[in-house]
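Note sheet for the following structure.
The values are calculated or read from the model by the stated rules, or taken from the named source; none is laboratory data. This one's a predicted model, so the numbers in the text were calculated from it and none came from an experiment. A quick note on method: Cβ atoms are made from the backbone with ideal geometry, for glycine too, and the neighbour counts reach across all protein chains shown.
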Amino acid sequence: MPVATDMNRFAEHVWATAQAEFSDLLDPEQLTRVVLRMTVALLLGAAIGWERERRDADAGLRTHMLVALGSALFVLVPAEAGMSTEDLSRVVQGIVSGIGFLGAGAVLKSSEEGRVHGLTTAASVWATAAIGMAAGLGREATAVLATAFVLLVLAVLRRVSRGIQSRARAAAKSGPDDIGSAHRQAAS
């Protein structure tokens, strides 16, 4: 019987240790807060990622969702653990720097055209990280508003930009004498 008792004690210690390791989410209020913040980050990242996926950008749905979730998690865990504001600001600085490196991977310069590609993708990843941080810090309304602004820039201003570029190309093709008339037409 002493062996069985030792095994029972061992099993009890293992179980108690496992419970202690998962104790950060035993409180229903804290569990709800964590799930809500991570879900908001995921959904907002998905909204931006879906828009980028539709445009066939290098960083699409999954990338934006993971960036938003990761950013939320990086600030959520220390904030919930009671980290000071000063220490949390260093976490935020690390996220911003790390996302800068991730975004830099999306930026390419075409040697043929001399044009830079991927800046909008890099900027959308950077904005998605900020949105994830806002959601992770419990600023869900701010995160939703920022997402609306990002989507406005990506979708609506894309059309405006294309219209301007189209008019500029038309003016360039029409020649120097017709440039003034092309500008007058664009203004009307």
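Of all residues in the range 47-63, those satisfying the criterion of being in a helix (DSSP H, G or I) and farther than 10 Å from T128 by Cβ are W50, E51, E53, R54, L61, R62. The residues in the range 159-177 that are in a helix (DSSP H, G or I) and either touching a residue at least 24 places away in the same chain (Cβ under 8 Å) or not basic (K, R) (or both) can be counted, and the count is 11.
Let's see how each residue does on (1) over 19 Å from L102 (Cα atoms); (2) hydroxyl-bearing (S, T, Y); (3) part of a helix (DSSP H, G or I):
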residue	(1), (2), (3)
M7	yes, no, yes
A11	yes, no, yes
A20	yes, no, yes
M65	no, no, yes
L69	no, no, yes
L76	yes, no, yes
A79	yes, no, yes
M83	yes, no, no
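Consider the range 92-132 and keep the residues that are in contact with a strand residue (DSSP E or B) (Cβ under 9 Å, 6 or more places away or on another chain) and either surrounded by 13 or more Cβ atoms within 10 Å (Cβ to Cβ) or closer than 22 Å to E53 by Cβ (or both). The one that is modelled with the highest pLDDT is G118.
Can you spot a residue in the range 2-24 that is among the hydrophobic types (A, V, I, L, M, F, W, C) and within 25 Å of the chain's Cα centre (by Cα)? No, the range 2-24 has no match at all.
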